[in-house]
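Asks: To start, I am sharing the structure in question, which I have written as structure tokens.
The values are calculated or read from the model by the stated rules, or taken from the named source; none is laboratory data. Worth saying up front: this structure is predicted, and the values here are computed from it rather than measured. Virtual Cβ from ideal backbone geometry, glycine too; neighbours counted across all protein chains shown. Side chains are part of the model used for accessible areas, which takes the heavy atoms of the whole protein and leaves out ligands, DNA and RNA. Shrake-Rupley method; radii C 1.70, N 1.55, O 1.52, S 1.80 Å.
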Amino acid sequence: MASTPPHCSITANKRNQNHQKRCRRWTNHNVSLAKPPLPSSPHNAPKPGASTAATTNAQNQPFPSLATLQSQKSQLAADFSGRRRFVSKLHIGRPKSTLSIRHTLVAEEALQHVVLYGKDDQTLENVLLNFESRLCSSDDYTFLLRKLGDRGDSSKAIRCFEFAMRREKRKNEQGKLASAMISTLGRLGKVELAEAVFETALREGYGNTVYTFSALISAYGKSGYWNDAFKVFYSMEAYGLKPNLVSYNAVIDACAIGGVEFKKAVEIFDEMFKNGVQPDLITFNSLLSVCSRGGQWEAARNLFTELINRGIDLDIFTYNTIVDAFCKAGQMDAALEIISEMPGKNVLPNVVTYSTMVRGYGKAGRLDEALNLFNKMKFLGLSLDLISYNTLVSAFAMLGRFEEAWDVCKEMENSGIRKDVATYNALLGGYGKQRMYDEVREVFKEMKEACISPNLLTYSTLIDVYSKGGLYEEAMEIFREFEKAGLKADVVLYTALIDTMCKNGLVESAVTLLDEMTKEGIRPNVVTYNSIIDAFGLSAITQHVVDDAGEASEFQVKSSSSSVVQEATESRVTDREDDRIIKIFGKLAAEKASQENNCGRQELLCILGVFQKMRELEIKPNVVTFSSILNACSRCDSFEDASILLEELQLFDNQVYGVAHGLLMGYRENVWVQAQSLFDEVKLMDFSTASAFYNALTDMLWHYGQKRGALLVVLEGKRRQVWENVWSDSCLDLHLMSSGAARAMVHAWLLNIRSIVFDGHKLPKLLSILTGWGKHSKVVGHSALRRAVEALLTSMGAPFQLARCNLGRFISRGSVVAAWLRESGTLKVLVLHDDRTPPENVRVDQVSNLQMLPL
DNA sequence: GTAGGGTTAG
């Protein structure tokens with residue numbers, strides 16, 4: 001048994017909030033969490049522009065260890081408090097004193113000519129030859145290739161670089177050109193080319209500078225290859241190079257983009273101090289960005305507050321990053337508050353700030369507020385750009401409001417901005433979500449006609465949309481096209497493939513693919529694992545290999561020593577290699593998988609292996625993981641198997657385990673306080689995550705006969721508005737509930753109605769129970785929820801009937817229900833009991849929810 | 001060398 005959960009898991013959800021707070025409460029890490037003695041109130045906090053004395057005073061305060069912003073202690077916390085190393089407003093956040101313009105006017109003229117006339121290699125060469133005598137130094141050439149990079153024209157930039165390199169014999173000038181080239185390629189995401197330039201530079205003896213190394217770190221970082229960025233960074237010493245501020249900032253930024261843990265970024269930050277390199281505002285902005293991208297808005301807020309308290313002048317980047325951190329966590333009010341403080345700090349919100357907010361509101365489903373801000377942006381005369389338009393297109397498309405999405409597109413194009421790949425991806429994703437496949441095809445066609453190249457996201461979206469919709473032929477076709485485009489599959493694409501396999505019962509194939517991606521150096525994430533865990537018990541995992549020895553086992557055997565997707569995606573792909581992943585789609589299309597027999601024990605072993613790997617890779621589970629484990633428990637063949645899964649849950653998170661296990665064993669009174677604090681945590685999450693957790697927990701309790709426990713949980717959920725408006729006197733709406741939760745709720749509602757009757761009140765004329773199509777129902781008319789509720793009502797003898805015009809609705813006349821409720825035997829069928837109760841049982845529940853129920 | 005857009009689990 002694990003003594004302490006390895007990490008704070010429930011909070012790892014990207015939508016999740018309160019990370020730090022929960023970590024502290026849920027785990028007993030011996031980390032000092034005391035707030036550092038800092039000036040926190042406005043009157044004693046040094047302000048921007050405060051006197052030197054005030055600043056000095058601030059300097060003498062121990063700077064907060066960044067350890068207080070995370071759950072692990074930063075080793076160099078003590079060093080960080082040193083006066084010498086204090087980062088004051090005197091040192092950072094100042095604009096560069098002079099904007100150094102190093103290139104000549106000739107370079108600008110040359111750029112115009114290169115853009116206008118350098119249509120191919122030859123004409124470009126001619127243009128450069130014309131300017132050669134007048135272009136002075138490497139500064140002119142670096143200007144050229146940076147500007148070409150800004151225009152996205154990497155090939156012209158490379159030509160210019162090569163042209164310049166042929167003429168430059170001085171090593172240090174060659175080094176400058178190489179750095180500029182690497183950085184330009186990095187910005188454009190051409191990381192392999194950047195790598196090649198770097199290697200040549202090293203080999204030829206002009207690349208051994210802190211600039212080329214920093215440029216390569218940055219190039220890797222921008223493309224998400226934080227691991228490579230780290231390697232280059234740590235190799236500097238061996239080359240006799242000392243990382244400078246830029247190197248450190250680049251590597252911290254690589255953490256932000258690559259989703260590296262805040263802890264790691266802080267380690268680098270501490271190292272920076274140790275090596276006597278002073279951070280600047282960019283360092284802090286990047287650190288903030290690490291928190292923001294990791295969903296750790298509280299850590300971000302703490303860091304932000306410290307910077308403010310230290311009197312450091314923050315810039316628009318700082319503000320936009322903190323606003324983004326709040327928006328990502330759904331903390332829209334906090335974000336708005338930050339924005340309202342900006343003018344007072346002489347930093348005005350810009351188009352980035354507003355777009356961030358628009359996206360935040362869109363994600364939170366607060367489309368009206370999103371629109372208001374969008375219009376405010378226009379009103380303020382901020383010039384709207386592609387991203388701000390795309391943000392709004394995406395918000396509409398995701399909600400299925402396509403007419404409005406297209407209107408925004410039109411408005412954008414009227415203002416001279418053309419749709420780009422992101423615009424199309426937003427539309428494709430929206431139509432895909434609504435299963436509007438004709439429109440998906442149409443938009444994809446239009447995209448190609450407009451000569452917009454699909455990117456990895458386009459392909460991931462399409463493959464996912466088509467394969468989830470069962471359109472395997474089309475998924476296959478898109479996959480082939482993706483291969484031809486020479487793109488490298490990433491975690492999202494793999495996860496989408498894995499999820500499709502899981503949903504079709506090919507769990508073992510999915511696990512094999514999981515191993516493959518790991519070998520490929522693509523790190524699975526919590527979504528990948530949740531997808532597999534969630535598939536547990538849905539169907540057999542081994543049978544199909546036997547049944548289908550030809551295709552499936554060939555895939556599985558071979559894939560253990562080679563990578564399916566990688567082989568298939570290599571440019572020299574042969575038909576045979578390509579065949580394998582295509583065969584998976586073929587197999588899916590044949591729909592054999594889901595008809596296989598269950599093989600519970602083997603599947604259990606398989607899933608235990610998955611948990612093991614998850615721990616080895618240190619993938620933090622989140623609340624979705626817990627819901628998936630609880631759902632898996634409900635699908636176990638036996639209580640014993642479920643116990644084994646619950647033990648896994650315990651290894652992840654003691655509190656969730658404590659509540660689930662306690663309720664399952666009938667120890668309600670003992671766990672209810674713990675359960676309340678768990679529910680407090682869950683309630684902070686977005687609506688669908690929270691309701692999924694309640695559904696999973698209730699289903700498991702119901703499944704194992706703890707029906708009174710299930711009732712308790714759904715009433716708590718109702719009290720906390722987990723399912724929004726579940727009931728009125730005349731209507732019970734179950735459409736967001738799982739079958740166990742819905743059945744428990746039917747009991748609760750009928751008991752409630754019964755008390756109305758017994759209080760002498762009349763029931764409404766018509767009573768309805770809505771089941772919708774059920775949360776898990778994919779096929780209209782086959783609602784598992786509807787069937788479960790129907791069976792329950794029948795077994796109780798409740799006088800409800802399916803409405804003729806609405807197959808998801810049960811109805812009855814109020815008077816008929818009232819008469820039934822008055823019958824002597826009715827109460828007995830309504831009151832629920834637990835199969836398991838603790839031996840020393842317990843008096844009447846003292847929980848308020850139960851007081852309303854007749855006992 | 002720093003900020004905003006699109007993708008995967010429930």
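Asks: Could you pull the accessible area for A:Met272 with a 1.4 Å probe, rounded to 10 Å²?
Replies: 0
Asks: Just read off the accessible area of A:Val526 with the full protein assembly in place, 1.4 Å probe, to the nearest 10 Å².
Replies: 20
Asks: Where does each of A:Trp406, A:Trp723 land when they are ordered by accessible area, with a 1.4 Å probe and the largest first?
Replies: Output order, biggest surface exposure first: A:Trp406, A:Trp723.
Asks: In addition: Placing unit charges on C-beta atoms (Lys and Arg positive, Asp and Glu negative, everything else neutral), compute the dipole magnitude of segment A:682-851 about its Cα centre in debye, rounded to 20.
Replies: Numbers: 21 positive and 13 negative charges, 85 e Å.
With Lys and Arg at +1 and Asp and Glu at -1, about 400 debye.
Asks: Please compare each pair in A:Lys376/A:Lys620; A:Lys363/A:Lys707; A:Lys263/A:Lys683; A:Lys190/A:Lys263; A:Lys222/A:Lys613 to a cut-off of 31 Å on the Cα-Cα distance and tell me which ones are over it. Working shown, then result.
Replies: Values: A:Lys376/A:Lys620 40 Å; A:Lys363/A:Lys707 36 Å; A:Lys263/A:Lys683 27 Å; A:Lys190/A:Lys263 29 Å; A:Lys222/A:Lys613 28 Å.
Table pairs above 31 Å Cα-Cα are A:Lys376/A:Lys620; A:Lys363/A:Lys707.
Asks: Let me ask something else. Go through segment A:464-493 and name the chymotrypsin sites (Phe, Trp or Tyr not before Pro) that are in a DSSP coil and have 16 or fewer other Cβ atoms within 10 Å of their Cβ. Before the final figure, lay out the partial values.
Replies: Values: sites: A:Tyr466, A:Tyr472, A:Phe479, A:Phe482; in loops: none.
Here no loop site has a sparse enough neighbourhood.
Asks: Show me, for segment A:307-314, the HN-Hα J-couplings you get by feeding each phi into the Karplus relation (A = 6.51, B = -1.76, C = 1.60, θ = phi - 60°), rounded to Hz, glycine and proline as x.
Replies: 5, 4, 4, 7, x, 7, 6, 8
Asks: From the protein chains alone at 1.4 Å, what is the descending order of accessible area for A:Ser755, A:Ser133, A:Ser812, largest first?
Replies: Values: A:Ser755 40, A:Ser133 105, A:Ser812 10 Å².
From most exposed to least exposed: A:Ser133, A:Ser755, A:Ser812.
Asks: Here's a follow-up. Calculate the spin-label point distance for A:Asn372 paired with A:Lys828, positioning each point 7 Å from the Cα along the beta-carbon direction, and give it in nanometres.
Replies: About 5.8 nm separates the two model spin labels.
Asks: Using the Cβ atoms and a cut-off under 14 Å, what net charge is assigned to the surroundings of A:Met614, where Lys and Arg are +1 and Asp and Glu are -1?
Replies: Numbers: positive: A:Arg523, A:Lys613, A:Arg615, A:Lys620; negative: A:Asp515, A:Asp534, A:Glu616, A:Glu618, A:Glu648, A:Asp653.
Net local charge, A:Met614 excluded: -2.
Asks: Next question, about the same structure. Would you kindly state how much longer the chain becomes between A:Lys484 and A:Lys683 on full extension, computed as 0.36 nm times their sequence separation minus their alpha carbon distance, in nm to one decimal?
Replies: Length gained, A:Lys484 through A:Lys683: 67.1 nm.
Asks: Given a Förster distance of 60 Å, report the FRET efficiency between A:Tyr234 and A:Arg401 from their Cβ-Cβ distance, rounded to the nearest 0.05.
Replies: 0.75
Asks: May I pose another question? Roughly how big is segment A:467-523's charge dipole about its Cα centre, with Cβ charges of +1 (Lys, Arg) and -1 (Asp, Glu), in debye to the nearest 20? Walk me through the numbers on the way to the answer.
Replies: Values: 7 positive and 11 negative charges, 29 e Å.
It comes to approximately 140 debye.
Asks: Per 5 Å bin, what percent of the C-alpha pairs of segment A:682-851 does each bin hold, from zero upward?
Replies: 1, 9, 17, 21, 21, 16, 9, 4, 1, 0, 0
Asks: Can I ask one more? What percent of all Cα-Cα pairs in segment A:341-495 falls in each 5 Å bin, counting up from 0?
Replies: 2, 9, 17, 20, 17, 14, 10, 6, 3, 2, 1, 0
Asks: Further, regarding this structure: Please compute the length gained on full extension between A:Arg523 and A:Gln676, using 0.36 nm multiplied by the number of residues separating them and subtracting their Cα-Cα distance. Could the numbers behind the result be given before it?
Replies: Details: separation 153, 0.36 × 153 = 55.08 nm, distance 3.50 nm.
Using 0.36 nm per residue and subtracting the Cα-Cα distance, I get 51.6 nm.
Asks: In addition: Between segment A:121-195 and segment A:422-477, what is the C-alpha centre distance in whole Å?
Replies: Cα centroid of segment A:121-195 versus Cα centroid of segment A:422-477: 37 Å apart.
Asks: While we're looking at this one, here's another question. Return the sequence-ordered ³J(HN,Hα) values of segment A:191-208 in whole Hz as given by the Karplus equation 6.51 cos²θ - 1.76 cosθ + 1.60 applied to θ = phi - 60°, using x for Gly and Pro.
Replies: So the Karplus estimates, Gly and Pro as x, are 6, 5, 5, 4, 4, 5, 4, 4, 5, 4, 4, 5, 4, 7, x, 10, x, 8 Hz.
Asks: Largest first, how would A:Lys231, A:Lys328 line up by accessible area (1.4 Å probe)? The partial results should precede the final answer.
Replies: Details: A:Lys231 130, A:Lys328 80 Å².
The most accessible residue leads, giving A:Lys231, A:Lys328.
Asks: Determine the gain in length on full extension of the stretch A:Cys451-A:Lys410; use 0.36 nm per residue of separation and subtract their C-alpha separation, reporting nm with one decimal. Don't skip to the end; give the middle numbers.
Replies: Numbers: separation 41, 0.36 × 41 = 14.76 nm, distance 1.80 nm.
Stretched out fully, the A:Cys451 to A:Lys410 stretch lengthens by 13.0 nm.
Asks: Also, I was wondering about something else. With just the Cα atoms defining each centre, how far is segment A:256-318 from segment A:619-666? Give it in Å.
Replies: 36
Asks: Turning to a different aspect of this structure: Taking amide H positions as placed 1.01 Å from N in the peptide plane, with prolines and chain starts having none, which residues 5 or more places from A:Arg809, or on another chain, fall under 5 Å of its amide H?
Replies: Excluding prolines and chain starts, which carry no amide H, the hits are A:Thr771, A:Ala803.
Asks: Bin all alpha-carbon pair distances of segment A:397-471 at 10 Å intervals from 0 and give each bin's fraction as a whole percent.
Replies: Values per bin, smallest distances first: 20, 55, 23, 2.
Asks: Rounded to whole Hz and in sequence order, give me ³J(HN,Hα) for segment A:476-493 from the Karplus expression 6.51 cos²θ - 1.76 cosθ + 1.60, θ = phi - 60°, writing x for Gly and Pro.
Replies: Karplus values, whole Hz, x for Gly and Pro: 4, 4, 5, 4, 4, 5, 4, 4, 4, 5, x, 8, 9, 5, 10, 4, 5, 5.
Asks: Report Rg(Cα)/(2.2 N^0.38 Å) for segment A:283-339, keeping two decimals.
Replies: 0.97
Asks: Still on this model: When the Kirkwood radius is taken over all Cα pairs of segment A:620-768, what Stokes-Einstein diffusion coefficient follows at 10 °C and 1.306 mPa s, in µm²/s? If you can, show how the numbers build up before the last one.
Replies: Details: Rh = 15.8 Å.
Taking Rh from Cα pairs, D becomes 100 µm²/s.
Asks: If segment A:734-835 were replaced by its equivalent ellipsoid, with semi-axes equal to the square roots of 5 times the Cα gyration tensor eigenvalues, what would those be, largest first, whole Å? Provide the component values of the computation, followed by the final result.
Replies: Values: eigenvalues 111, 51, 23 Å².
Largest first, segment A:734-835 gives 24, 16, 11 Å.
Asks: Could I ask something else about it? Quick one: accessible surface of A:Met436, probe radius 1.4 Å, all protein chains present, in square angstrom to the nearest 10.
Replies: Approximately 60 Å² for this residue.
Asks: For an R0 of 22 angstrom, estimate the FRET efficiency from the Cβ-Cβ distance between A:Thr104 and A:Lys169 and round to the nearest 0.05. Mind showing how you got there, number by number?
Replies: Values: r = 20 Å, r/R0 = 0.93.
Rounded to the nearest 0.05, the efficiency is 0.60.
Asks: Moving on to the next point. Is the shape of segment A:333-424 best called rounded, prolate or oblate, per the rule: a/c under 1.5 gives rounded, else a/b larger than b/c gives prolate, else oblate, with a ≥ b ≥ c the square roots of the Cα gyration tensor eigenvalues? Could the numbers behind the result be given before it?
Replies: Values: a/c = 2.40, a/b = 1.50, b/c = 1.60.
Oblate.
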